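The values are calculated or read from the model by the stated rules, or taken from the named source; none is laboratory data. All values derive from a computational prediction rather than experimental measurement. Don't worry about glycine lacking a Cβ; one is built from the backbone with ideal geometry, like all the others, and counts go over all protein chains shown. Only protein heavy atoms, including side chains, enter the accessible area calculation; ligands, DNA and RNA are left aside. Shrake-Rupley method; radii C 1.70, N 1.55, O 1.52, S 1.80 Å.
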Amino acid sequence: MREPKLREIDHRAFLRRLNPIVEVYAAAMRPPRDQLPGRHTIMQRHASYPGFRAFVAERRGALPGLSGPVRGFVYGFHGGAGQWWHDVVYRALVEKGGPEHAAAWMDDAFEVAELHVHPDHQGQGLGRALLNALCEGRSSARRCCPRWTARRTPPPATCTARWA
């Protein structure tokens, strides 16, 4: 079997791969199948957000230029007021430390929205590689903050660190 290749894809390529991406999500998260159309719609909407960036881990195609099945994916975008998760986290951070604390976290933040690897391909470093690729080159002015970090509340600068 050929090793997966990490590939950055734009929003159009993301939308073309959306069905296999949702299948990876389903295999990794095991939600009730009736929730998948809603997840598809959410991911489709996310692809239109400012600063959308995505990577996939795909099996190398048998022919140059052809991609194989998606093994994993990650994507994010510039979070902002009016987006559901941004507003949830912002309110929680205001409650925890006030408006300045929330602003330090959320002003000009890049939100890592989804990161999933198919269970058959977990434990091989794909998730770490996908996350590092997505966050590569992010400055502190545009932090790369996975959704789960807000609950742990490390200093905002740690969001740009590489995950070992």
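Things to note:
- Test result for Val74, out of contact with any Leu (no Cβ under 7 Å at 6 or more places or on another chain) and in contact (Cβ under 8 Å) with a residue 60 or more places away in the chain: no
- Contact map, the stretch 101-127: residues that are without any contact (Cβ under 8 Å) to a residue 24 or more places away in the chain paired with residues that are open to solvent by 60 Å² or more (accessible area, probe 1.4 Å) and of a type in the set (Phe, Trp, Tyr), Cβ distance under 7 Å, separation 6+ or inter-chain. Pairs shown: Ala102/Tyr90.
- Test result for Val70, under 13 Å from the mean Cα position of the chain (by Cα) and of a type in the set (Val, Ile, Thr): no
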